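Here the structure comes first, spelled out in structure tokens, and everything after it is commentary.
The values are calculated or read from the model by the stated rules, or taken from the named source; none is laboratory data. As the structure is a computational prediction, the values presented were derived from the model and not from experiment. Here the Cβ positions follow ideal geometry from the backbone for every residue, glycine too, while neighbour counts run over all protein chains shown. Areas reflect the complete protein model, heavy atoms only, side chains present, ligands, DNA and RNA absent. Shrake-Rupley method; radii C 1.70, N 1.55, O 1.52, S 1.80 Å.
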Amino acid sequence: MKQWTALFLVMGALFTILFFTSDTFADETVTPTGEYVNLRDGPGLTYSVVGTLDAKKEATVLSTEGEWYEVKVGQQKGWVASWLVTAKSSEADVDAKADVIVATTDGLNVRSGPSIQSTVIGKMNAGVEAKRTLERDGWSYVTIDGMDGWVSNDYVQVIAANETDEPKQPDEEETTPLPTDDTFFVEVDQLNVRAEASLSSEKVGTVKRDESYLVLDRQDNWVQLALPNESKGWVYAFYGSFASDAPKQADDALVITTVADGTNVRTEPTTDAPIAKRLSAGEQFTVQREIDDWYAISVGGETAYVASWVVAKPSNDHVPSADKKASIPGTLNGISIVIDPGHGGRDRGTTGARGTKEKDLTLRTSHMLADKLRAAGASVHMTRESDVYVPLRTRAAVKDELGADAFISIHYDANTDSSIHGITSYYYHDNQQALTQTLNDSMMEAVSNNNRGAQFGDFLVIRENSADSVLLELGFLTNVAEEQLLTTTAFQEDITRGIYNGLLRYFND
Ligand SMILES: [Zn+2]
């Protein structure tokens with residue numbers, strides 16, 4: 001009982017500090033991942049560009065909203081997209097905004113602290129939602145049924161705050177009135193109109209492609225339209241354009257280049273939308289518009305959408321050669337492979353008994369594996385090349401967007417029982433089992449670690465993925481002896497050679 005009281009006092013103090021101290025983000029800065037990033041006057045791509053932040057310049061984070069950072073550089077303030085910058089923080093990562101998380105596994109432990117050493121105080125079953133008010137070291141602090149505790153981010157899926165928020169009450173002080181001559185053009189076949197600026201709000205009608213409406217108000221990424229018969233309603237602003245936006249598109253036209261044969265373009269800016277066409281490597285397109293992390297491009301006279309994370313921008317991306325041959329025995333020529341280094345950025349993954357960070361080791365292994373695969377002729381795409389945060393759904397979508405042949409997610413394991421050690425290879429769908437088994441067998445020929453075998457595992461990056469996607473847990477960082485072995489160059493060489501040999505065997509047979 002005393003421990004609980006102390007815990008709540010500490011939690012209470014923590015919350016007070018986090019939510020009522022103005023310098024919560026004082027130690028956090030962001031730098032552009034590419035050559036520059038636009039500063040906008042609000043947290044969305046529909047807001048005007050007010051300046052740019054150049055490469056290597058650091059901007060101080062003032063606040064966050066959804067996937068956007070409000071930053072200050074010199075005297076200038078503005079908003080930057082989180083997926084275009086790298087955040088640095090000297091403090092534990094903190095999300096002041098409440099997200100909703102969903103457990104992805106049954107019996108998920110809820111603990112008294114953000115560590116597998118902390119006491120289990122409850123359980124969550126798969127599909128159960130909880131509100132997350134804090135995040136640190138790969139753990140989420142959640143409130144569920146009046147109980148508070150920590151759950152590992154490895155077993156939850158985050159629903160962005162703007163998808164779940166209660167409809168917001170218009171706030172007179174915060175709402176900026178817009179020029180009344182602003183017009184919204186609908187750019188999708190059909191768009192739902194809602195009573196409030198929220199996806200959970202009641203649907204009150206639809207608008208159609210090429211129709212245009214007077215803009216009455218904007219909130220976050222929503223726009224309120226004046227509709228016929230003096231009615232009005234809210235639509236999601238990404239699915240259209242504004243008359244006042246038009247001129248700024250012209251001078252800084254972005255040209256993108258496809259990097260793989262079979263790159264999907266879709267009818268809507270989402271991986272759920274039908275595929276309009278598959279592109280070959282090396283094709284170039286001028287970007288008409290950016291919608292979240294999708295580009296609108298013109299393909300055969302029709303507007304279609306390609307994911308920004310699967311194409312090369314001229315500024316900072318390496319464009320691989322376009323030739324793609326059939327696989328030749330003994331090589332990986334013509335095979336394209338996505339490597340997914342687990343965790344990254346604010347998501348540290350597990351931390352080893354001796355302090356090894358999972359996110360660092362997965363990246364090291366992935367680079368080494370990529371080198372081996374490229375040397376054998378494979379075309380390799382990594383879901384991250386550096387210490388950055390990439391959402392799980394983005395990672396899971398890369399293989400199909402690229403039309404790649406295999407997806408390999410690299411992780412290191414953890415357990416409260418520090419005696420547990422060994423390598424486990426996970427599949428989710430039946431059509432992932434053969435590759436998983438082949439890689440597991442091949443790794444076991446290359447190293448002498450304990451073999452935990454090929455198993456079913458409910459991980460988002462393989463569950464929401466297609467055939468030949470696997471997740472490899474290459475050993476337990478919570479086992480002191482294994483942690484030491486895993487970090488050696490000898491082990492890294494052996495395990496990546498094992499994976500490489502498995503891929504060779506799988507694609508050559
Ligand atoms: Zn992991």
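For Asn229 and Leu199, the FRET efficiency from 1/(1 + (r/R0)^6), where r spans their Cβ atoms and R0 equals 25 Å, is about 0.55. Checking the cross-link pairs Lys131/Lys203; Lys131/Lys208; Lys72/Lys208; Lys123/Lys359; Lys359/Lys399; Lys88/Lys277 against a 31 Å limit on the alpha carbon distance flags Lys131/Lys208; Lys72/Lys208; Lys88/Lys277 as lying beyond it. Within the full protein context, the accessible area of Glu268 is estimated at about 50 Å² for a probe radius of 1.4 Å. Maximal additional length on extending the Leu254-Arg354 stretch stands at 31.4 nm, based on 0.36 nm per residue less the C-alpha distance. Accessible surface for Arg348 stands near 40 Å², nearest 10, in the context of the full protein assembly shown (1.4 Å probe). Accessible area ranking (1.4 Å probe, heavy atoms, ligands and nucleic acids excluded), largest first, for Arg136, Arg194: Arg136, Arg194.
Extension gain, Asp458-Asn415: 0.36 nm per intervening residue step, less the Cα-Cα distance, totals 13.8 nm. In order along the range 375-380, phi translates into HN-Hα couplings of 4, 8, x, 6, 9, 10 Hz, rounded to whole numbers, per the Karplus curve 6.51 cos²θ - 1.76 cosθ + 1.60 with θ = phi - 60° and x for Gly and Pro.
Calculated from the alpha-carbon coordinates, the range 183-240 shows an Rg and a Dmax of 9.8, 26 Å respectively. Remark: spin-label model distance Ser466-His367 equals 3.0 nm, labels positioned 7 Å along the Cα→Cβ axis. In terms of accessible area, using a 1.4 Å probe and ignoring ligands and nucleic acids, Asp210, Asp360, Asp182 rank largest first as Asp210, Asp360, Asp182.
For Lys277 and Thr331, a Förster radius of 41 Å and the Cβ-Cβ distance give a FRET efficiency of 0.90, rounded to the nearest 0.05. Beta bridges per DSSP, both residues in the range 336-508: antiparallel share near 20 percent.
Can you send over the carbon and sulfur percentage of the accessible area for the range 400-509, probe radius 1.4 Å, protein chains only? Result for the range 400-509: 44 percent of the exposed heavy-atom area is carbon or sulfur. Please give the solvent-accessible surface of Glu67 in Å², to the nearest 10, using a probe radius of 1.4 Å with every protein chain present. Approximately 80 Å² of Glu67 is accessible to the 1.4 Å probe. When the residues Phe184, Phe285 are ordered by accessible surface, computed with a 1.4 Å probe over the protein chains alone, the sequence from largest down reads Phe285, Phe184. With each label modelled as a point 7 angstrom along the Cα→C-beta vector, the Lys123-Arg505 pair spans 3.7 nm. Amide H to amide H distances under 5 Å link Gly475 with Asp413, Thr424, where only residues 5 or more positions off or on other chains count and H is placed in the peptide plane.
Net length available on complete extension from Glu211 to Thr86 is 41.2 nm, with 0.36 nm assigned per residue and the Cα-Cα distance removed.
Here's how it looks for Glu283: its modeled amide H is under 5 Å from those of Thr258, which are all 5 or more places away or on a different chain. Each label was represented as a point 7 Å from its Cα along the Cα-to-Cβ direction; for Ala55 and Asp292 these points are 2.8 nm apart.
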